[in-house]
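Working notes for the structure below.
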Amino acid sequence: MGVFIVIVGSEALQTEHVDNLVNLLDMTRDSVKWLSPDIAFEISMDNVPPSLFLRVREYTDSICADLFSVSSENRKKKLFVADMDSTILVEESMDEMAGELSQDIK
């Protein structure tokens, strides 16, 4: 059973980021598929040992990107739902709603 490593950037992902991850995973660029240009891509792998996953996690943290590991078994992409506050959106929605609510109370 294989896995997909999915990277979603809070800022535009650069070719350098892809190259660094491909090198870290000892893969080739052929294994990379862009899901959304400059925003998200996936890398198909046979498996990801926990120690390697932690190194990838450290790298994605350093570039302010989110990391997902998804099993390739029975994988069908139909809907992607994510908490985008402070990732793609600059502000926190809960903070915005709390601010609006406190203004209404006053």
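The values are calculated or read from the model by the stated rules, or taken from the named source; none is laboratory data. These figures come from a predicted structure and were not determined experimentally. Reconstructed Cβ throughout: ideal geometry from the backbone, glycine too, with neighbour counts over all protein chains shown. For the accessible areas, the whole protein counts, side chains as well, though only heavy atoms, and no ligand, DNA or RNA atoms are used. Shrake-Rupley method; radii C 1.70, N 1.55, O 1.52, S 1.80 Å.
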Whole-Å distance, taken between Cα centres, linking the range 1-49 and the range 56-70: 10
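For Pro50, what is the net charge nearby, where nearby means another residue's Cβ is under 14 Å from its Cβ and Lys, Arg count +1, Asp, Glu -1? Mind dumping the intermediate values first?
Working: positive: Arg55, Arg57; negative: Glu58.
With Lys, Arg at +1 and Asp, Glu at -1, the neighbours total +1.
Starting from 0.36 nm per residue, how many nanometres of slack lie between Glu58 and Glu92 once their C-alpha separation is accounted for?
Working: separation 34, 0.36 × 34 = 12.24 nm, distance 2.36 nm.
Difference between extended and current length: 9.9 nm.
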Accessible area (Å², 1.4 Å probe, nearest 10) - Val3: 30
Shape call, the range 1-83: gyration tensor on alpha carbons, a/c limit 1.5: rounded
